[in-house]
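What follows is one structure encoded as structure tokens, with my remarks underneath.
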Amino acid sequence: MQLTRWPKQFDVIVTDNLFGDLLSDLAAMLTGSLGMLPSASLGAPMANGRPKALYEPVHGSAPDIAGQGKANPIACILSFAMALRYSFDMGAEATMVEQAVEKVLADGVRTADLMGPAGGTPVSTSQMGDAILAALNAAA
């Protein structure tokens, strides 16, 4: 209930996998789509000080739309940004990736899952990735 009433009060939610799946589906509606949600499973630090980690979009591989160009790549791209920040101590680079995603969304580029009632023409998976890469290159 608190997640829907006042989501900004949470930075991190630690839970088991089953309850995490329920919360991530709920949280997806706060962002507009499951395609927007990155995730990280972080373990204890290894000998090098970095955590054991798995980074992935919360939606998984979306096999029902595989190969159709419909998938929103943003969660995957933002999962990579999390890996840069938390596993490779590359916070500045992670911020650049996040800002490129923000710019593309601010420019109105949308995959089908993010299209609102105003409509428009959605971009494909690769077109969204290309737009984010172009924004990243422009900022560098």
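Looking across region 2-50, the residues that are under 23 Å from Ala94 (Cβ atoms), loosely packed, with under 10 Cβ neighbours inside 10 Å, at pLDDT 85 or above and of a type in the set (A, V, I, L, M, F, W, C) come down to Val14, Ala44. At least 1 residues being out of contact with any Phe, Trp or Tyr (no Cβ under 7 Å at 6 or more places or on another chain) and within 20 Å of Leu133 (Cβ to Cβ) is the threshold, and among the helices (runs of 4 or more DSSP H) wholly inside region 12-113 those reaching it are 74-86, 91-106. If you scan region 57-71, which residues turn out to be at pLDDT 90 or above and either of a type in the set (Ser, Thr, Tyr) or touching a helix residue (DSSP H, G or I) at 6+ places or on another chain (Cβ under 6 Å) (or both)? If the condition is that a residue be at pLDDT 90 or above and either of a type in the set (Ser, Thr, Tyr) or touching a helix residue (DSSP H, G or I) at 6+ places or on another chain (Cβ under 6 Å) (or both), then Gly69, Lys70, Ala71 are the ones that fit.
Restricting attention to region 41-82, which residues are of a type in the set (Val, Ile, Thr) and under 16 Å from the mean Cα position of the chain (by Cα)? Talk me through it step by step, then tell me what you get.
Step one: of region 41-82, the residues of a type in the set (Val, Ile, Thr) are 58, 65, 74, 77.
Across region 41-82, the qualifying residues are Val58, Ile74, Ile77.
When restricted to residues that are β-branched (Val, Ile, Thr) and within 16 Å of Ala40 (Cα to Cα), region 72-114 contains 2.
The values are calculated or read from the model by the stated rules, or taken from the named source; none is laboratory data. Values in this document were obtained by computation on a predicted structure and should not be read as measured data. Every residue, glycine as well, gets a Cβ built from its backbone with ideal geometry; the counts of neighbours run over all protein chains shown.
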